[in-house]
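Participant: Handing you a structure now.
The values are calculated or read from the model by the stated rules, or taken from the named source; none is laboratory data. Given the structure is predicted, the values throughout are model-derived calculations rather than measurements. Note: ideal-geometry Cβ built from the backbone for every residue, glycine included; neighbour counts use all protein chains shown. Ligands, DNA and RNA are stripped out before the accessible areas are found, and what is left, the full protein with its side chains, is counted by its heavy atoms. Shrake-Rupley method; radii C 1.70, N 1.55, O 1.52, S 1.80 Å.
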Amino acid sequence: MQRHDLLIVGAGPVGLALALFLKDSGLDVVLADARPRDAAAADPRTLALAHGSQLTLAKLGVWEGLATTPIKTIHISQQGSFGRSVLRAADYDIPALGHVVTAGALAGALRRKVDAAGIPVLDETEVTHLAPGTQDIVASLDGPRVATLSARLAACAEGGLSANDDDSVEHDYHQHALIAHVGAAGGHHDTAFERFTRSGPAALLPCGRGFAVVHVVPSGDADALLALGDNTYLDHLQGIFGHRVRLDGIVERLRYPLALRYRRTPVGHRTVWLGNAAQTMHPVAGQGFNLALRDVHDLADHLILSGGDPGDPALLSSYANGRGLDRLGTIRFTDGLVRLFSNDIAPLRHARGAGLFALDLCPPLRHFVAKRMLFGARAWP
Ligand SMILES: Cc1cc2nc3c(=O)[nH]c(=O)nc-3n(C[C@H](O)[C@H](O)[C@H](O)COP(=O)(O)OP(=O)(O)OC[C@H]3O[C@@H](n4cnc5c(N)ncnc54)[C@H](O)[C@@H]3O)c2cc1C
């Protein structure tokens, strides 16, 4: 049986980033992914990467050459209310508040680096069972090359939590995210728009020459909206964003069901869960991958500094304790935002409008929110 130090289950952007962090660690790392080699590179989701994630990806050597679009301004508003807030990169002396990239382009860039570093990836190999023991964890595999292998630690980055896991917390938002790419007549000027509506938030992220759309709607409306013809749906979107932008042409319409699902603790016996396998969040604040990258960075630091058994329980609990504040802070921040803006009670709507207005009038408050978006909970004073 093959023996390794670390098995990474899932070669999506999170699993690949962990492998790359460890390329010079001396650890014997192997990845297994159920899908064919190029599947992750076809992921149509769009990610808004915080400034902190840009720095991390640059450190991994994948930022240069990656097709990204800067967000220099974020315009936040609410349909049917007077409040609005504008965040500008110039106010923070940084060139951009964040960058937009397709998840596929990012996964493709990470995979090329992993291949170049000579880290083995078992493609088309599903991990069907993990059996933790005292000294190692044994993985059963369904794939063309290997049936079982053992590792001292399994990092599960398989992109989701099973709904009946005892340690998991789950809340169904009864919402779907409709995603698409739209043209921007007159250009987007590196501006992102977040618009809160009665039925859910809608975002336009500058992406290439147009916008990536993330339009959150009640589950019951998703089918009907997806069934609309392209032009009718484009008119619907234009109605949401009003005169702020002129949308022109739409492609790649898809949808994702939205739920909050997370493990109370992201570590177990010789096991650590990362990315969507540790926490799957609502995309409203664009935090999922950004948080995952901070987790991965910290875990890699722990593994490199320890130099001993990567599955050591003390190492894993030190990692989990260190990540608690950022992890739970980000989960609660995102969940709070969804609940606050999903509620259409009139006084609350006015309070929200006043809140956004106050945010614009009060620079310290705006800086606080902006730092939180840029760097995660660590930026909380
Ligand atoms: C609409 C939408 C918008 C989003 N916007 C943002 C954003 O703006 N910013 C942000 O930071 N995040 C955002 N996110 C979240 C982000 O997409 C995820 O955090 C990120 O893609 C998770 O990556 P991952 O590697 O954990 O999972 P995945 O990308 O799902 O990869 C998991 C991999 O594991 C493999 N796999 C699964 N099971 C097995 C198995 N048993 N054995 C072997 N391999 C297996 C799969 O084949 C896959 O390749 C958004 C999400 C959605 C739905």
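Participant: Being open to solvent by less than 10 Å² (accessible area, probe 1.4 Å), acidic (Asp, Glu) and either in a helix (DSSP H, G or I) or over 30 Å from residue 77 (Cα atoms) (or both) narrows it down to one of 309, 335, 326, 298, so name that one.
Facilitator: So the residue among 309, 335, 326, 298 that is open to solvent by less than 10 Å² (accessible area, probe 1.4 Å), acidic (Asp, Glu) and either in a helix (DSSP H, G or I) or over 30 Å from residue 77 (Cα atoms) (or both) is 326.
Participant: Exactly one condition in (1) open to solvent by 40 Å² or more (accessible area, probe 1.4 Å); (2) of a type outside the set (A, V, I, L, M, F, W, C); (3) closer than 27 Å to residue 272 by Cβ; (4) within 15 Å of the ligand (Cβ to nearest atom) is not met by residue 33; state its number.
Facilitator: Failing condition for residue 33: (1).
Participant: Let me ask you something else. Collect the residues in region 269-285 that are open to solvent by 20 Å² or more (accessible area, probe 1.4 Å), modelled with pLDDT of 95 or more and not polar (S, T, N, Q), keeping them in residue-number order.
Facilitator: Across region 269-285, the qualifying residues are 269, 273.
Participant: Among the strands (runs of 3 or more DSSP E) confined wholly to region 202-289, which include 2 or more residues that are in contact with a Cys (Cβ under 7 Å, 6 or more places away or on another chain) and in contact (Cβ under 8 Å) with a residue 40 or more places away in the chain?
Facilitator: Filter on region 202-289 gives 271-273.
Participant: Can you find, within region 43-62, the residue that is surrounded by the most Cβ atoms within 10 Å (Cβ to Cβ) among those that are within 15 Å of the ligand (Cβ to nearest atom), part of a loop (DSSP other than H, G, I, E, B) and not acidic (Asp, Glu)?
Facilitator: 62
Participant: Only one residue in 69, 125 is within 16 Å of residue 193 (Cβ to Cβ) and modelled with pLDDT of 95 or more. Which one?
Facilitator: 69
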